[in-house]
1. Give the residue from W120, A90, T201 lying farthest towards the positive end of the charge dipole for the chain; charges sit on Cβ (+1 for Lys and Arg, -1 for Asp and Glu) and the dipole is referred to the Cα centre.
2. Which distance in Å, rounded to a whole number, links the C-alpha centroids of region 140-210 and region 213-260?
3. Which value in deg cm²/dmol, rounded to the nearest 500, describes the helix-derived mean residue ellipticity at 222 nm for the chain, given -39,500 (n - 2.57) per DSSP H run of n ≥ 4 and division by the residue count?
4. Can you give the local net charge around A215? Use residues other than it whose beta-carbon is closer than 11 angstrom to its beta-carbon, Lys and Arg +1, Asp and Glu -1.
5. For I177 and A140 in one chain, what is 0.36 nm times their gap in residues minus the Cα-Cα distance, to one decimal in nm?
6. Is there a quick way to get the dipole size of region 132-206? I mean about its Cα centre, with the Cβ of Lys and Arg at +1 and of Asp and Glu at -1; what is the value in debye to the nearest 20?
7. Stretched out fully, how many nm does the piece from T262 to D36 gain, at 0.36 nm a residue minus the Cα gap?
8. State, to one decimal in nm², a quarter of the convex hull surface area for the C-alpha atoms of the chain, i.e. the direction-averaged projected area.
Amino acid sequence: MRSFITCSALVSLITSVSATGVLLPLYVYPSAEWKDNAANWKPVFEAAKAHPDIDWTVVVNPNNGPGLSGKPADDDENFVSGVSQLNAIANVNNVGYVRTNYAKAPMDELKANITNYANWASYSAADISIHGIFFDESEADFDYLNEAITFARAAFDTSITTVCNFGVKAAEEYYGICDIVIAFESCLNCYGLPQYEGKSTLNTNIPTGYESQGAVIVNQFNGEDFEGNTADASLLTNYAETIVGHGIGWYYFCPADYDDITSGPVTVLQNAKSLVSA
Ligand SMILES: *[C@@H]1O[C@H](CO)[C@@H](O)[C@H](O)[C@H]1NC(C)=O
């Protein structure tokens, strides 16, 4: 008697998802002209769609917060269009901007802004739900930030991403409450401000063991870096290699200020390309 052994092939799906994603402060108004389908954000939609293997965390910021109208998308059709298009892209996660003013913003105001973002999910004509909170100007005040983050996690119906922008090295305890910690934010090489120094910045600013939650954001990527290298796409790719090699969770290099996502050499698309080739 012969026995037949059915071997079910174990198919392991190995996807090459980069461990490092793009953390984009999208401080650009969505539209150049009223109701133009968020034309100003189109480069972001295109870059994210062109690189579905890269995760994007995109910071939505109507007005240093959710806007003054108190309504979802600040009652602005251009934000409705922009945010719903972000939500339609699987590898994009959005977070809403609030500003803690170095732990001095009144807690009630902060909480009201968080509640406002949570309410964007109630908008019925389009999916403009927000999926996390970006705490700008975070300060080493654990109780303040912990209260705000605990409130935020309860305010949303679904699990959210919390991003804390310290801009400088943060103590390990903050990695316990913030999903993502921005541990360096500065110009590439501006007089009087911290320079981005590649590996040494990563080693100094991000505690060992927390790399995957760490983020670095560099603006004014032009001129030369700290070593005199020209700020071009290949320098960005070099930096991306180091960042990926260190297992850093998130990065973004901005050509000028955050309202500029299309100037060369480091457009939003180039940020994704450099990660892919790193
Ligand atoms: C709350 O949102 C308003 C409107 O966008 C903004 O002006 C204010 O700075 C925000 N405050 C905080 C603490 O986020």
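1. Positive-most Cα among the choices belongs to A90.
2. Their Cα centres are 17 Å away from one another.
3. Values: 8 runs with 81 residues, N = 278.
One gets -8500 deg cm²/dmol as the mean residue ellipticity at 222 nm.
4. On the way: positive: none; negative: D179, E185, E211.
Neighbour charge sum, excluding A215 itself: -3.
5. Values: separation 37, 0.36 × 37 = 13.32 nm, distance 1.23 nm.
Residue separation times 0.36 nm, minus the Cα-Cα distance, leaves 12.1 nm.
6. Working: 3 positive and 12 negative charges, 65 e Å.
Charge dipole, region 132-206, about its Cα centre: 320 debye, nearest 20.
7. Values: separation 226, 0.36 × 226 = 81.36 nm, distance 1.77 nm.
Length gained between T262 and D36: 79.6 nm.
8. Values: hull surface 76.7 nm².
Seen from a random direction, the Cα hull of the chain projects 19.2 nm² on average.
Here, each number is a calculation from the coordinates, and none is a lab measurement. Values in this document were obtained by computation on a predicted structure and should not be read as measured data. Cβ sites come from the backbone with ideal geometry, for glycine too, and all protein chains shown count toward neighbours.
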